[in-house]
Amino acid sequence: MEHEQQSLLIEAEHEEFRKDYTGDGSVNLKGLPILKHETGNWRACYFILGTECCEKLALYGIAKNLVSYLTRQLHERNVVAARNVLTWQGTCYFTPLLGALVADSYLGKFWTIAAFSTLYFIGLAMLTISALVPGQSSQSQTVGFYFGLYLVALGAGGIKPCVITFGADQFDDNDPIERSERASFFNWASFMINIGALLSGIILVYIQDNYGWGLGFGIPTLFMGLAIVSFFIGTGIYRFQRPGGSPVIRICQVIVASCRKWTVQLPLDASLLYELPGNSSFIKGSRKLDHTSELRYLDKAAVIISSDIKLGNGNPLNPWRLCTVTQVEELKLLVRLFPIWATTIVFYAVGCQSLSMFIEQGMVLDKQVRSFTIPPASLSTFDVISLLILVPIYDKILVPVVRRFTGKERGFTQLQRMGIGLFLSILTMVSAALVEMKRLEIARELKLVHEKVEIPMSILWQIPQYCLDGTSQVFTLIGQAEFFYSEAPDAMRCLCAAFSLLSSSLGGYLSSFLLTLVSYCTSRGGEPGWIPDKLNEGHLDRYFLLIAGLSAVNLLVFVWCALRYTYRTTV
């Protein structure tokens with residue numbers, strides 16, 4: 001009787017601990033367990049969202065008008081300036097891999113953000129100083145400018161996969177209420193990012209063009225300083241996840257161990273596979289993962305054979321010969337995530353059209369609206385505005401309504417949300433194709449087919465395709481960020497976020513490849529092709545429909561993968 005009472009008392013104490021402390025392994029800056037009611041949640045995220053908004057305002061304040069600085073101030077030729085901008089932008093999407101590896105392996109998200117933000121600020125300061133130097137640009141000024149520019153690429157890329165994931169870490173994954181709030185955090189993080197992008201596009205570009213580049217680069221530098229201050233203010237209430245060591249090494253260990261045991265028979269009982277006892281995990285700061293029956297060949301890495309015991313001889317077992325189930329499941333998770341990740345590349349290829357072919361289409365439409373002349377590139381503002389309008393509607397209205405019918409925490413599952421966005425991206429291209437069909441019809445009626453002139457059709461007809469693009473991002477872009485965070489292994493969240501960002505870069509390369517391929521295949525034999533210099537002679541509508549068809553096939557592949565996807569479960 002006394003023993004039973006002691007057991008009940010211990011269980012009550014454990015339950016009280018679970019209520020007071022986080023259950024996902026988060027700690028304070030000193031590595032100690034932390035109280036839920038004093039740390040994390042929205043009280044910490046306000047500082048992180050402020051950091052994200054200021055940082056994006058700084059980044060886009062440089063990126064949006066960079067080509068103008070290179071041509072006007074550094075006197076580069078158009079083609080050289082365009083190539084340099086594209087190279088820099090590509091670098092900005094590859095450096096997140098470096099930041100992710102540093103964060104997941106060694107420093108953790110907080111100190112990685114601190115280190116790369118410092119480099120970011122130094123780079124912006126160098127750009128400002130370079131722009132303030134009077135007189136003609138010299139070689140030393142150009143070298144200083146590009147050194148600063150690539151420091152910005154390193155700093156911006158280094159913090160990209162860390163800031164959002166660090167914000168999501170502020171919500172306890174084992175608490176259903178906080179887990180629901182975390183899903184809302186991803187919506188508002190995207191909202192703040194786009195606020196920064198919108199302000200930089202409207203205000204900073206105007207300042208750079210009319211008040212000089214010293215001030216135009218100085219303001220982003222100031223805002224990056226504010227971003228760093230905002231981030232450090234919240235240090236005392238943040239929740240931290242311990243870095244788990246190199247994910248690349250762990251992946252290699254599973255592959256090597258499973259290959260070494262390729263002749264070994266798998267046990268029928270999965271509980272016989274190797275795993276550490278109790279709640280402790282081989283991977284520091286990571287929870288254990290349940291065994292899954294997929295990709296069973298990899299399970300051989302966790303099969304215990306006599307040589308493992310002999311080689312161990314009382315010492316820790318060699319992870320290049322024997323891995324835990326959690327290590328094996330980490331690699332399985334990455335393999336399962338890969339097809340979902342790959343389907344987002346086509347989605348980003350659609351998004352690239354708003355920065356390229358939509359603008360080309362707008363240039364041959366009537367840009368005069370009463371007494372105003374609308375620059376074709378300015379319509380991309382509707383992309384951002386539609387996202388800013390729809391994020392609150394989605395979070396505060398649509399989710400509660402859909403939840404009543406589905407019973408899901410967030411209304412839609414993350415994969416359902418992504419699928420809706422992929423469908424809307426098809427409608428984006430169909431809308432653009434319909435506008436182009438009508439434009440070409442008017443060109444034929446007015447016998448302007450062979451002329452390089454505007455068609456008397458208002459550029460405002462492009463607004464629906466931009467709004468659909470922004471709406472699709474609310475579903476797929478934000479849903480992808482949440483999905484990759486939720487499904488990534490605990491000690492690989494930054495790395496998975498970096499690969500999620502990489503799909504955006506690959507979408508740009510895919511768009512460029514399709515453009516080159518279509519131009520080559522349709523302009524042979526003296527034909528003008530689908531996308532000639534005189535768009536009235538071409539068939540840009542067919543190019544848009546081609547991408548819509550590719551997106552439709554991509555959606556079918558996504559649905560097939562999503563229906564077979566196995567969500568991760570922790571022990």
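The values are calculated or read from the model by the stated rules, or taken from the named source; none is laboratory data. If you're wondering where the values come from, they're calculated on a predicted model, not measured in any experiment. Note that each Cβ is placed from the backbone with ideal geometry, even for glycine, and that neighbours are counted across all protein chains shown. Accessible surface areas use protein heavy atoms only, side chains included; no ligands, DNA or RNA. Shrake-Rupley method; radii C 1.70, N 1.55, O 1.52, S 1.80 Å.
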Residues (open to solvent by 30 Å² or more (accessible area, probe 1.4 Å), more than 28 Å from H450 (Cα to Cα) and either in contact (Cβ under 8 Å) with a residue 24 or more places away in the chain or not in a helix (DSSP H, G or I) (or both)) located in segment 538-554: L550, A552
Segment 360-374, residues that are part of a loop (DSSP other than H, G, I, E, B) and either surrounded by 15 or more Cβ atoms within 10 Å (Cβ to Cβ) or touching a helix residue (DSSP H, G or I) at 6+ places or on another chain (Cβ under 6 Å) (or both): V364, K367, I374
Those residues of segment 120-140 which are assigned to a helix (DSSP H, G or I) and without any contact (Cβ under 8 Å) to a residue 12 or more places away in the chain, in sequence order: Q139, S140
Those helices (runs of 4 or more DSSP H) lying entirely in segment 35-119 with at least 3 residues charged (D, E, K, R): 41-63
Any chance A63 is on the phi < 0 side of the Ramachandran plot, within 30 Å of the chain's Cα centre (by Cα) and modelled with pLDDT of 90 or more: no
Conditions (1) over 19 Å from G155 (Cβ atoms); (2) touching a residue at least 60 places away in the same chain (Cβ under 8 Å); (3) in contact with a helix residue (DSSP H, G or I) (Cβ under 6 Å, 6 or more places away or on another chain): number failed by I228: (1)
Helices (runs of 4 or more DSSP H) within segment 200-275 that include 2 or more residues of a type in the set (A, V, I, L, M) and either within 23 Å of L495 (Cα to Cα) or in contact with a Cys (Cβ under 6 Å, 6 or more places away or on another chain) (or both): 213-233, 247-260
Checklist (1) among the aromatic types (F, W, Y); (2) touching an Asp or Glu at 6+ places or on another chain (Cβ under 7 Å); (3) part of a helix (DSSP H, G or I) applied to F171, failing item: (3)
Residue match in segment 239-262 (condition: open to solvent by less than 40 Å² (accessible area, probe 1.4 Å), touching a Ser or Thr at 6+ places or on another chain (Cβ under 7 Å) and either within 30 Å of L199 (Cα to Cα) or aromatic (F, W, Y) (or both)): yes
Flag if V350 is part of a helix (DSSP H, G or I), at pLDDT 85 or above and closer than 25 Å to R242 by Cα: no
Sole exception among (1) open to solvent by 70 Å² or more (accessible area, probe 1.4 Å); (2) without any contact (Cβ under 8 Å) to a residue 24 or more places away in the chain for T522, by number: (1)
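Per-residue answers, yes or no, for (1) at pLDDT 90 or above; (2) surrounded by fewer than 16 Cβ atoms within 10 Å (Cβ to Cβ); (3) in contact with a Phe, Trp or Tyr (Cβ under 9 Å, 6 or more places away or on another chain); (4) within 22 Å of A498 (Cβ to Cβ):
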{"position": "C54", "(1), (2), (3), (4)": "yes, no, yes, yes"}
{"position": "R72", "(1), (2), (3), (4)": "no, yes, yes, no"}
{"position": "A81", "(1), (2), (3), (4)": "no, no, yes, no"}
{"position": "A100", "(1), (2), (3), (4)": "yes, no, yes, yes"}
{"position": "F110", "(1), (2), (3), (4)": "yes, no, yes, yes"}
{"position": "S117", "(1), (2), (3), (4)": "yes, no, yes, yes"}
{"position": "Y120", "(1), (2), (3), (4)": "yes, no, no, yes"}
{"position": "Q139", "(1), (2), (3), (4)": "no, yes, no, no"}
Lone qualifier among D290, D308, D299, D269 - being touching a Leu at 6+ places or on another chain (Cβ under 7 Å), surrounded by fewer than 21 Cβ atoms within 10 Å (Cβ to Cβ) and charged (D, E, K, R): D308
Sole exception among (1) in contact with a strand residue (DSSP E or B) (Cβ under 7 Å, 6 or more places away or on another chain); (2) modelled with pLDDT of 90 or more for M457, by number: (2)
Conditions (1) within 20 Å of T87 (Cα to Cα); (2) out of contact with any Ser or Thr (no Cβ under 7 Å at 6 or more places or on another chain); number of the one not met by P134: (1)
Residues of segment 484-519 that turn out to be within 27 Å of R83 (Cβ to Cβ), of a type outside the set (S, T, Y) and either in a loop (DSSP other than H, G, I, E, B) or open to solvent by 40 Å² or more (accessible area, probe 1.4 Å) (or both), as a count: 7
Members of segment 176-189 that are out of contact with any Leu (no Cβ under 7 Å at 6 or more places or on another chain) and either β-branched (V, I, T) or open to solvent by less than 30 Å² (accessible area, probe 1.4 Å) (or both): I177, E178, S180, R182, A183, S184, F185, F186, N187
